[in-house]
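Before any comments, here is the structure.
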Amino acid sequence: MKEMLLVSLKEQFGSFISGEFLSQRLGVTRTAVWKQVQLLREQGYGIEALPRLGYRLLALPDLLLPAEIQAGLKTEILGRKVYHYHEIDSTNRLARELGGSGAPEGAIVIAESQHSGRGRLERKWFSPPGGIWFSLLLRPRLLPHQAQLLTLAAASAAVQATVLTCGLSPGIKWPNDLLLAGRKMAGILTEVSAEMDMLHYLVLGVGVNANIPAEALPEELKDTATSLLAQNGRAADRAAWVRSFLQCYEKQYLAAQNHEFAALLAEWRRCSLTLGRKVTVCLPGREVDGTAVDIDDYGALQVRTPAGLETFQAGELRLREKEDS
Ligand code: BT5
C-alpha cells in the first residue's frame, strides 16, 4: 500500500492529490493514507499536506531505498528483495549471512555507507555516503571454477550501467576494476560458499564511487581513484544506476545459468582496457611482465611473456604505460 501511494504521488509530482481520491484509489481510509504519508516522510520523502488540497510530493530522498530501486525495475529475479541500511559494516558480510540462512536468490543488501567495507584479500574499501555499495546474493547452478565468469559479467554490466545512466564509458582492468581516466571508479568483490563440485551461493559485492567529490577521497587514494561525480561534474542518479546494473546483469546471469558464456566473454573483451596492453602481473613473491593477449573460457588472463604464454587465474595487475615498451 505504501508503494502504491508513492506511485500515485510520483505520477502527479508537484501537484496536489486529494486524500479522498487517494483513499478510494488505494481502497483504504483517509486516516490510513495519512499514516502512510507520515511513514514516507520519515523515510525522507518531502510531502506537503494541506487541509482542503490534499497531498503533494515535492522532493525525493537521495537514498537507495527499496521503492526507489524497484520503481520501474525490469527484472525477474534480481533486486526483487532489497535490504537497505543507512550504515552497515559490510554489505558482503550481511549478504553472506543471508546466503547461509536461505534468503532468496537475487536479494540485495545496499547501504549508504560502510564502516568496514572490504576489498579483495581483506583490503579496506573506502565507502562514504554518496557511493553505491551493495551485494547481490546468487545461487547459480554452476561449478565453483565458473564463478569467475559471473564476476567478469558483473564488471561489464557495471560498464553498461555507467554508459546508460551517466554517459561515461569506463574500461575494465582485469579481472574487475572499472577505470575512468586511468583511475579506479568501481571494484567488485565476489565471495562464494562452495564444496569441491558445488556452489552453495555466491555474493557479488559492487562498490561504485558515484557522488563522492574528488576532494573527499582520502589522501592515499587521491592519485588512483575517481568518481562519477568527479568525471561528469554532476551527480549520478544512483537508483537508476543500480536498476540499470541489475537489468544488464540479469540477462548475462540467465545466459550463464544455461551455460552460454560466449556473449558474456565477448562483452567483457569489448569493455576491456587490458587486452593488447603491456602488463605486470603481481603474484605473491613474484612479478611477471608481458603482454595481455586474451582471457580463456574461464576468465583467466593469458599473458605472452619472454618464457611463453602464461595463464593467470588470479592476481593483481598493473597496466604499464603505453610508451613503456
Ligand atoms: C575491490 O577490491 O576492488 C573490491 C571492492 C568491493 C567493494 C564492495 S562495496 C559493497 C561490498 N561490500 C564490501 O564490503 N565490499 C563490496 P581490490 O581490488 O582488493 O581493491 C582494494 C584497493 O582499492 C584498496 O587496497 C585501495 O587501494 C583501493 N580502494 C579502496 N577504496 C577505494 C575506493 N572507494 N575507490 C577506489 N579505490 C579504492
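Inside segment 310-325, can you point out the residues that are open to solvent by 100 Å² or more (accessible area, probe 1.4 Å) and at pLDDT 95 or above? Listed by number, the list is empty, since nothing qualifies. Scanning segment 107-134 for residues that are more than 9 Å from the ligand (Cβ to nearest atom) and either closer than 18 Å to GLU220 by Cα or surrounded by 20 or more Cβ atoms within 10 Å (Cβ to Cβ) (or both) turns up ALA107, ILE108, GLU112, HIS115, GLY130. Filtering segment 149-183 to residues that are β-branched (Val, Ile, Thr) and more than 15 Å from the ligand (Cβ to nearest atom) leaves VAL163, THR165.
Just checking, how many residues over segment 6-50 are on the phi > 0 side of the Ramachandran plot and exposed (fewer than 12 other Cβ atoms within 10 Å of the Cβ)?
Residues meeting the conditions: 2.
If you go through segment 184-200 one residue at a time, do you hit one that is open to solvent by less than 10 Å² (accessible area, probe 1.4 Å), within 14 Å of the ligand (Cβ to nearest atom), farther than 23 Å from VAL82 by Cα and not in a helix (DSSP H, G or I)? Scanning segment 184-200 turns up at least one residue that is open to solvent by less than 10 Å² (accessible area, probe 1.4 Å), within 14 Å of the ligand (Cβ to nearest atom), farther than 23 Å from VAL82 by Cα and not in a helix (DSSP H, G or I).
Of the residues screened, PHE126 is one that is part of a loop (DSSP other than H, G, I, E, B) and in contact (Cβ under 8 Å) with a residue 60 or more places away in the chain. Restricting attention to segment 204-220, and to residues there that are closer than 21 Å to THR162 by Cα and within 9 Å of the ligand (Cβ to nearest atom), which single residue is surrounded by the most Cβ atoms within 10 Å (Cβ to Cβ)? The selected residue is ASN209.
Out of all the residues in segment 74-89, is one or more buried (at least 20 other Cβ atoms within 10 Å of the Cβ), in the same structural domain as ARG243 (by TED's automatic domain parsing), within 16 Å of the ligand (Cβ to nearest atom) and over 15 Å from the mean Cα position of the chain (by Cα)? Yes, there is a match, as at least one residue in segment 74-89 is buried (at least 20 other Cβ atoms within 10 Å of the Cβ), in the same structural domain as ARG243 (by TED's automatic domain parsing), within 16 Å of the ligand (Cβ to nearest atom) and over 15 Å from the mean Cα position of the chain (by Cα).
Entry remark, segment 90-106: residues being surrounded by fewer than 18 Cβ atoms within 10 Å (Cβ to Cβ) and not small (Gly, Ala, Ser) number 3 in total. Of the strands (runs of 3 or more DSSP E) lying entirely inside segment 1-118, those containing at least 3 residues that are in contact (Cβ under 8 Å) with a residue 24 or more places away in the chain and within 30 Å of SER135 (Cβ to Cβ) are 82-88, 108-114.
The values are calculated or read from the model by the stated rules, or taken from the named source; none is laboratory data. Bear in mind that the values here come from a model prediction, so they are computed numbers and not experimental data. Neighbour counts run over all protein chains shown; Cβ positions are idealised from the backbone, glycine included. Quick note on the areas: whole protein, heavy atoms, side chains included, nothing else; ligands and nucleic acids left out. Shrake-Rupley method; radii C 1.70, N 1.55, O 1.52, S 1.80 Å.
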